[in-house]
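Working notes for the structure below.
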Amino acid sequence: MVKRLPGAVIGSLLPGLLLCITAAAVSSEPQPQRVRDGLVAFYDFSEADGTVIRDRSGVEPSLDLVIERPESVRWLGTGLQVEASAVILSAEPAERIVDAIKRSQGLTIEAWVTPASGEQSGPARIVSLSKNPSERNVTLGQDRDAYDVRLRAESTDRNGNPSTASRRNVVVPQLTHVAFTRTADGTTQLFVDGEQAGAGQTTGSLASWDASHRLSLANEVTGDRPFLGTLHLAAIYDRPLSPEDVQQNFAAGSVALNPPPTPAQRNALAFREQIAPLFARHCIECHDPAIRKGGLDLSRGTAALQGGDSGVLLTPGSAAASLLWERVAHDEMPEDRAPLSPGEKSALREWIDGGAAWPTDVIDPVIYRHSNRAGEVWVQRLTVAEYIATVKAAVGVEIAAEARERLPADLRADGFSNTAYNLGVDLKHVEALSQLAEMIVDRMDVLAFAARFSKSQSLSTDDTMRQHVAKMGMWLLRGPLDDREINAYCGIATTVSSAGGDFEQAMRFILEAMLQSPRFVYRIENHRGSGEPRHLSQFELASRLSYILWGGPPDEQLLEAAERNELRGQAALEAEVARMLKDPRAVERSLQFVEEWLHLDRLAHLQPDARRFPQWNASLAADMREETRRFFKEIVWSDSRPLADLINAPVTFATPQLAAHYGLVPAGEGFQRYQLPVDSGRRGLLSHGSVLTIGGDDASMVSRGLFVLHDLLRGTVNAPPPCVNTTPPPTKAGLTQRGIAEVRIANQQCGVCHARFEPLAFGLEKFDGIGALQSHDEHGNPLRDDGVVLFPGEAEPVAYGSSVELMNLLAASERVQTSLTWKVAQFALGRPLVAADAETLNDVHRVAQENGGTYTSLMTAIVLSDLVQKTATETAE
Amino acid sequence: MKSRAVSRRPVSRRTMLRGLGTVTIGLPFLEEMQLSRAAAAEAVAVPVRAFNVFFGLGIPAPLQQEGFAGVLEPLAPLGEKLLVMRGVDHVRADEKGINAHYDGAAAAFTAAPPEGEAKAGGASIDQMVRRQWYPGGLPPGMVPTLVGGTFFRRSRVCRYVHSFNPDGTVAATMQEKPRDLFERVFGTVATAGDAADESEQRLRRSVLDAVVDEYRFFTGANSPLGATSKARVSEHLERIREYEQRAFALKGKVPGAPEVPASSRLLHGGAADPGGEGIDITLDELTAEWRLMAELYALAITTDRTRFGSLTFLAAGERIRLTGDYTYAGRTVFAFDDAGQRKRSGSGGCSHEWWHDFDEKKSNEQLRAHAHLKMREVAYFLSLLDTPDALDPNGKTILDNALITVSTESGDGRHNDVKRELSGVFHAITGAGGRFKTGQLLDVQAEGLDVYNTMLATMGVTQRLGPGNRPFTPAESIIA
């Protein structure tokens, strides 16, 4: 841990020597890394020369500083000594930083300094975002023997007073770490050398922050509040660092070290990012534990190093000595598939030459199904369902029928229709959003709604209208509006006013504009940053929580919690999530998940051959859909059972019609709960008509098997090779669907893949195309329901004797349980899951299982994980 | 620095007539505009017209005394056609609690204090005249009242709208973009029955404008979104523009109308008035847009598409931070740099502050330059009505025949003496077909209400502005 050197020692050391030592050098322990999440400006003075101090935050555009009086400063080894009044100023306004902080309403100002004396006052500006001595956004300064921060907010004057001051006697002329944090609810803290030295309240919005202010160090912009001493490091964050974060930065010392990765680390990284996906795509299809073509298993490091029938294939450190490389280089592998690209070959060779690190236990091909690009952050347009729910929650208008009629349906992509990259916009969306906005406002009591936010009915006074718009906008657009937005919406009011309109009309048009605005139609988040993931702002998090858990916007309680910066910390978040999961909207959202996952919408459009299935009709289809919804609700909500029970729970819900279809004795009118006997062959979702119809009229083993493989086992198979006839032969006397499947499995070319999934459907063979149980097919062939399951990644299949045993086997499978986690997580995030998510998902799954493996435990684990708490960022293009 | 407005070919009535294939300039232009026969028959006489021209912030009374040798210099070429009235006061318009910029602006052309924040205290001169002379409405197809302007302060209506109905409501929707004004004048032919729909349509369009601005922000340089998300929102923006084209496209323009002007590049709507903090603008940007607006407005008058209305060059209490070299008559008058010269940003760096600083004992260099510029631009508009293109059947120009009242909001900008502030408010009027004196700078020393009522009476208007029980003291010195 970095500690300040004792004063006696300091006194005996030359200042230059002290600086060379730096705080970090005191300890022999590995130096902690600095916190980078939320970093928006960073100066480490490593230039050591010249008049420009580079912003090394990595956030574009960088805000470099210029030393305007170079004669006043002296470069030292690890800092800039300010010997006389200097002006160190950003060439441009700090607009990016101000905007970021206004968005988050929280910030941190941090500096490592060595004050020249404890007598400086003014306060002497250390870091300042200000215009002149009396007008500022924020200033960290020294006021004699205390540090002092003036921050402009609603509760302060333009000068940022009252300020937040440290206790007295903390300023000493030696290397000191100072950090100031401000949360969105106005709580301020000052830390000196990692310990809290002051606290206060600077409440109210930072909306009045002026984006035209420039950033200055060691003086006021106007040059009349100098700080003398040495600057070692200065940083600004657009979030309040936690006390632990401050401690970490203090421990990291005054010299920011980011050592480059070692060759071994680079090699391990290359495996994760390039080689594992390469093996998953090109090799594991044949060289996994089950197939082991040539006796080679390339899914595990130990197995790969052991080699195959041809002996050792991989010689770490030497591609030239590796048979694996030789076969790939000469395009002999992959067999019957396209050769590796030059780039892939190059990566493979470099990885082997670099030591062939294998930092993971096993390569699971499914996590590489999508490239990491699929995990890119796409702004999330509200789905039709979310739009309806958002309108209802925001303004109390039920617009479902009109919205579904006008808005184009959201198309499924990667199994769900809330997949962000596929939520495009067409002209029809724009037209519909415009029409719907008008309809919604028509149905509102506009004056009553407006009165929720202000008693004023003043049409065009600067401040009242602005405040009115700001409050209304915060509710409708799920977070604070900035000045630009307030201006824009107030402009509508003045336009209405200048056309002779009244307050109600102005509010009406403002509402219409807000209902069509990007912040209503999309879930806007800040993606700009250093390129590293960052914690969401409180309001961003509030929206994520509500749309994930409810499929709708945050309620007042959630927004207020965000405003008070209370959506942080495990306990607080868990409490908030627990509250939200008790809300009926959470149930509705979960039903959306199951409908999407199992694609229940298709039931309304199924048209089985009426000659073969005369009992099929629209109401039976609707019953099947409702059966699944009720079953899901029973397991997940009424009984709070583990999600795995969805696979084998011996219970269902059916109307008399559906019960009869299933061969059950109808128990009464409407939907009734049925305990399923063993001889029904039914257990859980897979035996629902809603799922079994996936196989089509012929109860396709391929379709059903692929569903189980993909949706329950997260298995992968490649597409059939070109020119393969994929039309299955018809069944006939003596040849059942299973018989046809077994022929395919036995085929050398087809079997590699079909062996992975068709046996999964053997246990469902007794269910016909629309889910009725039968013992013989239409040709009189007896049907079976025994088979084997080959779990992905495993070498040996596991046998089962009946459909019920199959369901039990699946439900008990860790693979199936993790698959359910992945499915729910994918729906929650609205994007395909990628390799970069795998580690976090493993943690999510573990935590959820430890808490019972229920839907609520899983959702809690998901929303508390970095998958939801953080977002990827990009630097400027 | 050469203004874009100067280099751009002005929109002319003659050009428009050539477009129609006419050989001579038909005056008035009603036939060509395909108006009704009734309108054509009425056209043999010079039509009665009345327009209010407003400029923001005013000219301090002491500077008015310098006549054309001072900041009024740009009016000098039109001096023979104008009556400059000094000593007109609107003290009665002072409303406690509302700043005098607004009181004075509301009083301009109405002589009444504002009624709240979105209404004037009564009718404006142009509307009084309109009601008197066209009690049954204007000829069908004509724009009954045209309100336009280039301005950037929007918080209260009277800051920038200057045509009001007797109940104080605005007489027509403000057209603040040249293109909007063009469409209002030369686009669809308005009839009495569709006025409400047209107004609604315009407001709805302003909603879409605000929506477009929001989407534009999220696709712009300061967007918080990443590249892929930005691309998605850009697609959305493109679809909105497509929708805008289809929903609000100009349905057609009257035959021979000039080309649709390019979209404005200046800020409009709420963005043009960021909370009263002011905007940065160059002299070129300001004058280019204003002059296009002025030309289109003048064309609307010379082609007899409108006879009443108001035009605003900068709002009352306008807040801009102007930069650019200002030249007049071949000489450099001043180099504008409000923020730099004031060493302030935000509202403190705006030209408005020069008015607060006015001191007749000092040079007031910056204020003078701004006031001079305002006069140049007002003169630019007035001169468009005094060209061969603007001749009426009586052989005189529209500037001679119409009642054009030029005014502003205050006779002082210091906010420390309401009486002084609302006294000596600059006024200039045209001769209105020989009804009023011209070619003089007259110290009227009268209440604005009496001056306005004198104008109305002289124009043949029977109704009077102001309280009914107030004795009317005509300002006879202005009558020809």
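Work out the length of the dipole vector of chain A about its Cα centre, built from +1 on the beta-carbon of each Lys and Arg and -1 on the beta-carbon of each Asp and Glu, and round it to the nearest 20 debye. Walk me through the numbers before you get to the answer.
Values: 85 positive and 112 negative charges, 95 e Å.
So the dipole magnitude of chain A works out to roughly 460 debye.
How high is the FRET efficiency from A:Val798 to B:Ala227, r the C-beta distance, R0 41 Å, rounded to 0.05?
Values: r = 46 Å, r/R0 = 1.13.
Here the calculated transfer efficiency is 0.30.
Report the Cα centroid-to-centroid distance between region B:413-480 and region A:218-242 in angstrom, as an integer.
For region B:413-480 versus region A:218-242, the Cα centre distance is 60 Å.
Modelled label-to-label distance, B:Ala69 and B:Glu238, 7 Å Cα→beta-carbon offset: nm?
6.4 nm
Compute the Cα gyration tensor for region A:263-363, then decide on rounded, prolate or oblate, letting a ≥ b ≥ c be the square roots of its eigenvalues: rounded whenever a/c is under 1.5, prolate when a/b is larger than b/c in the other cases, and oblate in all that remain. Could the numbers behind the result be given before it?
On the way: a/c = 1.37, a/b = 1.20, b/c = 1.14.
Taking the square roots of the gyration eigenvalues as a ≥ b ≥ c, region A:263-363 is rounded.
Determine the percent antiparallel among the DSSP beta bridges restricted to the protein assembly as shown, to the nearest 5. The partial results should precede the final answer.
Values: 97 of 127 bridges.
Expressed as a percentage, antiparallel bridges in the protein assembly as shown total about 75.
At A:Gln435 and B:Asp167, where each label point lies 7 Å from the Cα along Cα→Cβ, what is the point-to-point distance in nanometres?
Rounded to a tenth, the inter-label distance reads 3.4 nm.
With +1 on each Lys and Arg Cβ and -1 on each Asp and Glu Cβ, and nothing else charged, work out how big the dipole of region B:59-111 is about its Cα centre, in Debye to the nearest 20. Mind showing how you got there, number by number?
Values: 4 positive and 7 negative charges, 19 e Å.
The dipole magnitude comes to about 80 debye.
Work out, step by step, the length gained on full extension between A:Asp866 and A:Val362: first 0.36 nm times the residue separation, then minus their alpha carbon distance; give nm to one decimal. Could the numbers behind the result be given before it?
Working: separation 504, 0.36 × 504 = 181.44 nm, distance 2.32 nm.
Extra length available between A:Asp866 and A:Val362 comes to 179.1 nm.
Take the alpha carbon atoms of region A:649-664, find their center, do the same for region A:130-169, and report the distance between the two centers in whole angstrom.
So the separation of the two Cα centres works out to 71 Å.
How well do other chains shield peptide B:157-164, expressed as the mean number of their Cβ atoms within 10 Å of each residue Cβ? It would help to have the intermediate numbers written out before the result.
Values: counts 8, 3, 3, 2, 5, 0, 0, 1.
Other-chain Cβ atoms within 10 Å of each residue's Cβ, averaged: 3.
Using r as the Cβ-Cβ distance of A:Asp336 and A:Thr727, and R0 as 30 Å, what FRET efficiency do you calculate, to the nearest 0.05? Could you put the intermediate results ahead of the total?
Working: r = 22 Å, r/R0 = 0.72.
For A:Asp336 and A:Thr727, the calculated efficiency is 0.90.
Can you compute the helix-only [θ] at 222 nm over chain A? Use -39500 (n - 2.57) per DSSP H run of at least 4 residues, normalise by all residues, nearest 500 deg cm²/dmol. Numbers along the way, then the final one.
On the way: 33 runs with 329 residues, N = 877.
The helix contribution divided over chain A gives -11000 deg cm²/dmol.
If you take each beta carbon of peptide B:261-272 and count the beta carbons of other chains within 10 angstrom, what is the mean? Write down the numbers at each step before the final one.
Numbers: counts 0, 0, 0, 0, 0, 0, 2, 2, 8, 15, 6, 3.
For this peptide, the per-residue mean of nearby foreign Cβ atoms is 3.
Whole-Å semi-axes of the protein assembly as shown's equivalent ellipsoid, largest first, each the root of 5 times a Cα gyration tensor eigenvalue?
On the way: eigenvalues 948, 385, 144 Å².
So the three semi-axes of the protein assembly as shown are 69, 44, 27 Å.
Convert each backbone phi in region A:289-298 into a coupling constant with the Karplus relation 6.51 cos²θ - 1.76 cosθ + 1.60 (shift: θ = phi - 60°), then list the ³J(HN,Hα) values in order as whole Hz, x for Gly and Pro.
Karplus values, whole Hz, x for Gly and Pro: x, 7, 8, 6, 4, x, x, 10, 10, 9.
What is the magnitude of the charge dipole of chain B about its Cα centre, with +1 placed on the Cβ of each Lys and Arg, -1 on the Cβ of each Asp and Glu, and no other charges, expressed in debye to the nearest 20? Show your work: numbers first, answer last.
Details: 57 positive and 59 negative charges, 142 e Å.
It comes to approximately 680 debye.
Assuming 0.36 nm per residue, please report the length gained on full extension of the stretch A:Thr464 to A:Ala572 beyond their Cα-Cα distance.
Working: separation 108, 0.36 × 108 = 38.88 nm, distance 3.48 nm.
Full extension from A:Thr464 to A:Ala572 adds 35.4 nm.
Shape verdict for region A:37-252, please, from the Cα gyration tensor: rounded (a/c under 1.5), prolate (a/b greater than b/c) or oblate.
Numbers: a/c = 1.33, a/b = 1.18, b/c = 1.12.
It comes out rounded by the Cα gyration axes.
Normalised by the residues of chain A, what does the relative contact order come to in percent, with Cα pairs under 8 Å and at least six apart?
Details: 1676 pairs, mean separation 94.7, N = 877.
Reported as a whole number, the value is 11 percent.
DSSP loop trypsin sites (Lys or Arg not before Pro) in region B:258-325 with at most 11 other Cβ atoms within 10 Å of their Cβ, which ones?
For trypsin sites (Lys or Arg not before Pro) across region B:258-325 that sit outside H, G, I, E and B with at most 11 neighbouring Cβ atoms in 10 Å, the list reads B:Arg265.
So if each residue of separation counts as 0.36 nm, and I subtract the Cα-Cα distance between A:Ala321 and A:Asp414, what length gain in nm does that give? Walk me through the numbers before you get to the answer.
Numbers: separation 93, 0.36 × 93 = 33.48 nm, distance 4.13 nm.
My answer for the length gained is 29.3 nm.
What nm value, rounded to one decimal, do you get for the distance between A:Arg784 and A:Thr262 when each label is placed 7 Å out toward the C-beta?
Distance between the two pseudo-spin positions: 5.6 nm.
For B:Leu442, what residues show an amide H to amide H distance below 5 Å, using hydrogens built from the backbone and excluding near sequence neighbours?
Long-range HN contacts for B:Leu442: B:Val84, B:Met85, B:Arg86.
Checking the a/c ratio against 1.5 first, then a/b against b/c, what shape does the Cα gyration tensor give for region A:131-245? Let's see the in-between values first.
Numbers: a/c = 1.59, a/b = 1.12, b/c = 1.42.
Oblate.
Taking the Cα centre of each part, how many Å lie between region A:409-449 and region B:289-311?
So the separation of the two Cα centres works out to 41 Å.
Any read-out appearing in this document is the output of simple, stated calculations on the displayed coordinates, not a laboratory observation. Not measured: the values here are computed from a predicted model. All Cβ positions, even for glycine, are placed from backbone atoms using ideal geometry, and neighbour counts span all protein chains on display.
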